[in-house]
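Here is the structure we will look at, set down as structure tokens.
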Amino acid sequence: MDLDTGLNRKECSMKQKPYHSGQWVVTGDGMTGDGWYFIAADRLEERRGSGQGTGHYDWPLHMVDKTWVDVEQFLAAITVALERHCPGYDREELAWSADNMREHRARQDRRKAVRQRLFPPKKNGPIFEAIDLAKWSAERAAIDAVIAAEDAAIAAITEEAQSKFYMWQIGMEAQPAIGITDKKEAA
């Protein structure tokens with residue numbers, strides 16, 4: 001019970017105005033997405049792990065796989081909901097869950113973009129086709145191969161850039177035709 005007002009935490013949160021974050025609304029009862037997906041206030045702190053109060057917050061990990069969820073709007077809303085309904089929540093753990101949610105969605109979006117690039121949708125074809133497991137497995141392997149090749153190229157570029165930056169820091173330059181020489185010796 002709040003000593004200043006004589007109200008318990010639920011009554012205090014019920015008196016606050018609803019918070020709107022795009023598709024999410026935080027109310028005195030919890031939060032609602034798109035007007036139909038409801039998360040009760042007493043379930044906001046649910047976690048995955050060995051028991052209540054340990055592990056990672058469940059809702060960001062659960063909601064990331066729902067394609068209709070706007071990640072940033074959800075994270076803004078759950079942060080406000082936790083502030084209102086669970087003031088002692090673990091901010092560091094929520095930050096970890098938020099970063100994990102963003103990374104997971106970025107991977108999903110990347111896979112989707114590579115899939116559309118490799119296997120563009122057929123025009124005037126059926127919306128849904130019967131799932132051919134062999135075809136699906138081959139497509140997934142091709143997508144994984146493209147992503148791995150892109151990652152390797154990015155890593156190589158990054159490694160080369162880091163190497164050049166390091167050489168510049170220690171006063172050495174890469175000479176394409178000659179190799180690496182010391183600036184002092186070259187002068």
Elements of type helices (runs of 4 or more DSSP H) in segment 47-124, at least 3 residues being of a type in the set (A, V, I, L, M, F, W, C) and farther than 27 Å from LYS17 by Cα: 91-118
More than 25 Å from the chain's Cα centre (by Cα), open to solvent by less than 100 Å² (accessible area, probe 1.4 Å) and at pLDDT 80 or above - does that describe any residue in segment 127-136? yes
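The values are calculated or read from the model by the stated rules, or taken from the named source; none is laboratory data. Nothing here was measured: the structure is a model prediction, and the numbers come from that model. Note: areas computed on protein heavy atoms with side chains; ligands, DNA, RNA excluded. Shrake-Rupley method; radii C 1.70, N 1.55, O 1.52, S 1.80 Å.
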